[in-house]
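Novice: Got a structure here, written out as structure tokens. Questions coming.
The values are calculated or read from the model by the stated rules, or taken from the named source; none is laboratory data. Keep in mind that what you see is a predicted model, and the values were worked out from it rather than measured. As a convention, Cβ positions derive from the backbone with ideal geometry for all residues, glycine included, and neighbour counts pool all protein chains shown. Calculation scope for accessible area: heavy atoms of the full protein, side chains included, ligands and nucleic acids excluded. Shrake-Rupley method; radii C 1.70, N 1.55, O 1.52, S 1.80 Å.
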Amino acid sequence: MIVLGIETSCDETAAAVVRDDHAVLSDVVRSQDDDHRVYGGVVPEIAARAHISHLDGLIRRAMVEAGVGFDDLDGIAATAGPGLIGGVMVGLTTAKAIAAFHGLPLMAVNHLEGHALSARLSDQVTFPYLLLLISGGHCQLLTVEGVGRFSRLGTTTDDAAGEAFDKTAKLLGLGYPGGPRVEAAAAQGDAARFALPRPLKGRAGCDFSFSGLKTAVRQAAAALDTLTPQDVDDLCAGFQAAVADVLADRTRHAIERFRDRWPEGDTLVVAGGVAANGALRARLAEVAAADGLTLVAPPLGLCTDNAAMIAWAGIERLQQDLTDGLDASPRARWPLDPDAPPVTGAGIKA
Ligand code: KG4
Ligand code: ZN
């Protein structure tokens, strides 16, 4: 089974061809970082226009690199949400056109399910597993019980983890995108120099909060006359250590719940762009090992936004006849677990 995947929900335009034996035949990603850098964050209108300009060419490249024609495909998968609605519309509409013209089944994929199932593409992880999804838009702990079957154990009450990295980078003048720059600066810094808070650490449950930590970094920076490179490195190290402590604490609580419900489960998967962070991965590996779980983190290219994970989710859905009609709607919000209790706090992430 061979599926073409399309991803356009944020600031990466991506197309990939994946086969059901886990072979990624092609995986093409065009980052829009240069288009958004001057604004310090993603501008939805610019993103949507860039997707329109580049998607056709990227699909052509993905097909050529995979060495397949449309007749070789068994289906088309596209991200149908959650995300920036203009971009989602571009990708989903393109997928519908290809599906209609070539008479192929369409899979309207939840972007978060793409991240969630990526470890099954790379590492053949079996259900059920515990998932920590940490990206620019999301910060959630979920049990993954099957395709389309998720239970949310916790989510953020305000910023997502990646958003906190990006905002911290911005306020320290490190530029965009922030995560990799904060990680690089933190590697040179002294994490103990600034006393930063660990929001919600030690509290019951598995929810997250990062906005207070970001504010504490801002106040610590404002208290210094001028920011030297060493100050920036130390603030980044302190910030990253605080994020690591919070992720470890919340994940430990989630492991307890996962163990109660699924005693046979033995894997913690970390996915999403923030999972590219080596220090956080190392800390989560310790947390998993302490409870007898194995940490699986997909390779970096599968952690940040990509279309291979969307094609793979499409394969898993097609295998279960979970296809969608050409009337499938793009969705700005689309929670993986619609039955999860609502969170209270400054904002709710889908
Ligand atoms: O999954 P992703 O590519 O896009 C979303 O769906 O959000 O995640 C992007 C996020 C950004 O916030 C970026 O700063 C963060 O992942 N990120 C990192 C690192 N690399 C990317 N955060 C911390 N450390 C990194 N090395
Ligand atoms: Zn993502």
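Novice: At 1.4 Å probe size, with the rest of the protein present, what percent of the exposed accessible area of segment 35-85 is carbon and sulfur atoms?
Specialist: 53
Novice: To the nearest 10 degrees, how steeply does helix 44-66 sit against the main Cα axis of the chain, on a 0 to 90 scale?
Specialist: Between the helix axis and the principal axis of the chain, the angle is about 60 degrees.
Novice: If I model segment 164-253 as equal point scatterers sitting on the Cα atoms and use the Debye formula, what is log10 I(q)/I(0) at q = 0.18, 0.24, 0.25 Å⁻¹?
Specialist: -0.72, -1.18, -1.26
Novice: Next question. Considering every Cα-Cα pair within segment 3-161, what fraction, in whole percent, is farther apart than 28 Å?
Specialist: In whole percent, the share of Cα-Cα pairs in segment 3-161 beyond 28 Å is 23.
Novice: Can I ask one more? Could you calculate, for segment 62-135, the ratio of the Cα radius of gyration to the Kirkwood radius, expressed as Rg to Rh?
Specialist: 1.03
Novice: OK, next. How much net charge surrounds Met107 when only the other residues with a Cβ under 12 Å from the Cβ of Met107 are counted, with Lys and Arg +1 and Asp and Glu -1?
Specialist: -3
Novice: Another question about this same structure. When the Cα atoms of the chain are enclosed in a convex hull and the volume is divided per residue, what value in Å³ results?
Specialist: 127
Novice: Can you pull out the trypsin sites (Lys or Arg not before Pro) in segment 173-242 whose DSSP state is coil and whose Cβ has at most 15 other Cβ atoms within 10 Å?
Specialist: Sparse-neighbourhood loop trypsin sites (Lys or Arg not before Pro): Arg193, Lys201, Arg203.
Novice: Along segment 284-292, what does the Karplus equation 6.51 cos²θ - 1.76 cosθ + 1.60 (θ = phi - 60°) give for ³J(HN,Hα), rounded to whole Hz, x for Gly and Pro?
Specialist: Computed from phi, the couplings for segment 284-292 are 5, 4, 5, 4, 4, 4, 4, 9, x Hz.
Novice: Hull surface divided by four, with the convex hull built on the Cα atoms of segment 199-252: how many nm²?
Specialist: Mean orientational projected area (segment 199-252, Cα hull): 3.6 nm².
Novice: Any chance you could tell me what percent of the C-alpha pair distances in segment 188-340 go past 28 Å?
Specialist: Result for the distance tail: 38 percent.
Novice: Would segment 1-78 count as rounded, prolate or oblate if I go by the C-alpha gyration tensor, calling it rounded below 1.5 in a/c and otherwise prolate when a/b exceeds b/c, oblate otherwise?
Specialist: Prolate.
Novice: How large is the dipole of the chain about the Cα centre if only Lys and Arg carry +1 and Asp and Glu carry -1, each at its Cβ, rounded to the nearest 20 debye?
Specialist: Taking the Cα centre of the chain as origin, the dipole is about 740 debye.
Novice: Where does helix 85-102 land angle-wise versus the long Cα axis of the chain, in degrees 0 to 90, nearest 10?
Specialist: 20
Novice: Let me ask another. Count neighbours as other Cβ atoms within 10 Å of each site's Cβ, and list the trypsin sites (Lys or Arg not before Pro) in segment 37-89 that are DSSP loop with at most 13 such neighbours. Each step should come with its number before you reach the end.
Specialist: Values: sites: Arg37, Arg49, Arg60, Arg61; in loops: none.
Taking segment 37-89 and a limit of 13 other Cβ atoms within 10 Å, no loop trypsin sites (Lys or Arg not before Pro) are found.
Novice: Another one. Per residue, how many Å² of accessible area does the chain show with a 1.4 Å probe?
Specialist: Heavy-atom accessible area per residue stands at 40 Å².
Novice: How would segment 242-317 be classified by its alpha-carbon gyration tensor: rounded, prolate or oblate, with rounded meaning a/c under 1.5 and the a/b versus b/c comparison settling the rest?
Specialist: On the way: a/c = 2.41, a/b = 1.31, b/c = 1.84.
It comes out oblate by the Cα gyration axes.
Novice: What number, rounded to the nearest 500 deg cm²/dmol, is the helix-based mean residue ellipticity at 222 nm of the chain, given -39500 (n - 2.57) per DSSP H run of at least four residues and division by all its residues?
Specialist: -14000 deg cm²/dmol
Novice: Across segment 100-252, how large is the tail of the calculated P(r) beyond 18 Å, expressed as a percent of all Cα pairs?
Specialist: 62
Novice: Separate question: Using only Cα atoms and rounding to the nearest 10 degrees, what angle (0 to 90) does helix 211-222 make with the longest principal axis of the chain?
Specialist: So the inclination is approximately 50 degrees.
Novice: Shifting gears a bit: Given Cα pairs under 8 Å that are at least 6 residues apart, what percent is the relative contact order of segment 1-113?
Specialist: Over segment 1-113, the number comes to 31 percent.
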